[in-house]
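The structure under discussion appears below in the form of structure tokens.
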Amino acid sequence: MSKEFTFAIKSICFDEDYRPSDNTRITTNFANLARGESRQENLCNTFRMIDNRFNALAYWDNPNGDRYTVKLEIISVEMNIDGESGGNALPLIEILKTNIVDRKTNERLDGIVGNNFSSYVRDYDFSVLLLEHAKNQPEFSTPDNFGGLHGKLFKCFVNSDTYKDHFNKPPVICLSVSSSKTYHRTENRHPVLGVEYQQDEYSLTDEYFKKMGLKVRYFMPPNSAAPLAFYFAGDLLGDYTNLELISTISTMDTFQKIYRPEIYNANSPAGKSYRPSLKHQDYSLTRIVYDREERSRLAIEQGRFVEENFIKPYQASLEQWSVNYAL
């Protein structure tokens with residue numbers, strides 16, 4: 001592999017008319033919502049929840065709670081393996097870009113890119129490689145350099161001219177906190193992000209994202225039921241405006257209420273010491289249909305896809321590239 005990887009970005013609106021294309025990773029949260037008999041109702045209710053959450057957080061100069069609406073773009077990133085356009089491209093990752101429409105001023109403001117994060121190689125790492133490794137281990141462990149290749153691919157993309165030509169700021173990924181860790185509330189409070197939580201040791205996901213060059217902080221926004229994990233590269237509190245942060249919170253808090261209602265739509269908020277659990281029973285359901293079991297099954301299928309079409313055919317070249325790649 002004598003040339004650097006090249007990247008191509010495709011963008012499509014995630015709105016009431018969105019339908020996943022044939023090559024979309026159907027385990028992505030937004031694709032799951034847009035399939036089946038309830039797709040139209042799912043999408044309308046989801047966007048209504050996002051807008052309501054945004055306006056509740058951006059309450060200043062917003063007396064009727066309807067000043068803002070959030071417009072979402074699905075950003076699909078393809079990586080060209082031979083370094084030339086028109087070659088053998090792999091759908092690498094999909095993320096979301098938030099855009100904020102101010103109805104009072106008729107302005108359209110940039111939000112944050114990242115938010116939701118889906119990756120074929122990540123599916124392979126967690127749903128194929130890690131599971132196969134665990135079969136022969138007396139206790140939990142990870143394969144050598146677990147997440148190393150994926151981390152370098154992600155950093156290569158974020159540092160590419162392609163990324164910089166499209167986006168002005170580094171990405172922020174917002175995920176659920178881990179059900180294997182206990183989080184402790186601190187005295188630190190941010191007017192938008194809310195109260196900060198900390199934990200004694202990082203989760204496997206935290207370590208995985210660290211190899212992508214991303215740090216993590218945990219905040220529970222006002223009127224949320226549980227803290228969210230924010231993964232970022234620079235200064236989370238200093239690099240982004242309040243409206244940018246609200247666009248991420250409103251989008252991802254809504255998604256988590258749908259996907260993990262046991263945690264994020266719980267009827268009682270997280271306390272001073274908090275251990276998330278998907279077995280929690282005191283929670284409310286949204287009116288949105290979501291098939292969590294299907295998503296887990298499809299993650300394995302798509303992990304196998306990337307193993308057969310990317311990892312195995314290009315293993316020697318990928319290993320060589322990974323050894324030589326450095327920022």
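Counting only the heavy atoms of the protein chains, how much of residue 60 is accessible to a 1.4 Å probe, in Å² to the nearest 10?
Residue 60 exposes around 90 Å² with every protein chain in place.
Specify the angular offset, from 0 to 90 degrees and rounded to the nearest 10, of the alpha carbon long axis of helix 148-158 from the longest principal axis of the alpha carbons in the chain.
60
Calculate how steeply helix 315-324 sits against the longest principal axis of the alpha-carbon atoms of the chain, using the helix alpha-carbon long axis, and give the answer as 0 to 90 degrees to the nearest 10.
70
Of the options 175, 245, 157, report the single residue whose Cα projects farthest towards the positive end of the charge dipole of the range 137-254 (beta-carbon charges: Lys, Arg +1; Asp, Glu -1).
So the residue furthest toward the plus end is 157.
Any idea of the accessible area per residue across the chain, 1.4 Å probe, to the nearest Å²?
With the other protein chains kept in place, the chain gives 48 Å² per residue.
Using only Cα atoms, locate the centre of the range 147-196 and the centre of the range 94-133, then give the distance between them in Å, rounded to an integer.
10
Using per-residue counts of other Cβ atoms within 10 Å, averaged over each peptide, order 186-196, 240-250 from highest down.
So the order, starting with the most tightly packed, is 240-250, 186-196.
Over the range 212-302, with every protein chain in place, what whole percent of the accessible area is carbon and sulfur at 1.4 Å, could you tell me?
After summing per-atom areas, the C and S share lands at 46 percent.
Taking all protein chains together and a probe of 1.4 Å, list 300, 93 from the most accessible to the least accessible.
Ranked list, largest accessible area first: 300, 93.
Output wanted: per-residue J couplings in Hz (rounded whole) for the range 241-253, from phi through Karplus 6.51 cos²θ - 1.76 cosθ + 1.60, θ = phi - 60°, x for Gly and Pro.
In residue order, the calculated couplings are 6, 4, 5, 4, 5, 5, 4, 6, 4, 5, 6, 7, 5 Hz.
Counting other C-beta atoms within 10 Å, and keeping those with at most 14, which DSSP coil trypsin sites (Lys or Arg not before Pro) do you find in the range 237-327?
Here the trypsin sites (Lys or Arg not before Pro) that fit, given the DSSP loop and packing criteria, are 272, 279, 287.
Given Cβ point charges of +1 (Lys, Arg) and -1 (Asp, Glu) and nothing else, what value in debye, to the nearest 20, does the dipole of the chain about its Cα centre take?
640
Solvent-accessible area of residue 6, probe 1.4 Å, all protein chains present, reported in Å² to the nearest ten, please.
50
The values are calculated or read from the model by the stated rules, or taken from the named source; none is laboratory data. If you're wondering where the values come from, they're calculated on a predicted model, not measured in any experiment. Every residue, glycine as well, gets a Cβ built from its backbone with ideal geometry; the counts of neighbours run over all protein chains shown. Calculation scope for accessible area: heavy atoms of the full protein, side chains included, ligands and nucleic acids excluded. Shrake-Rupley method; radii C 1.70, N 1.55, O 1.52, S 1.80 Å.
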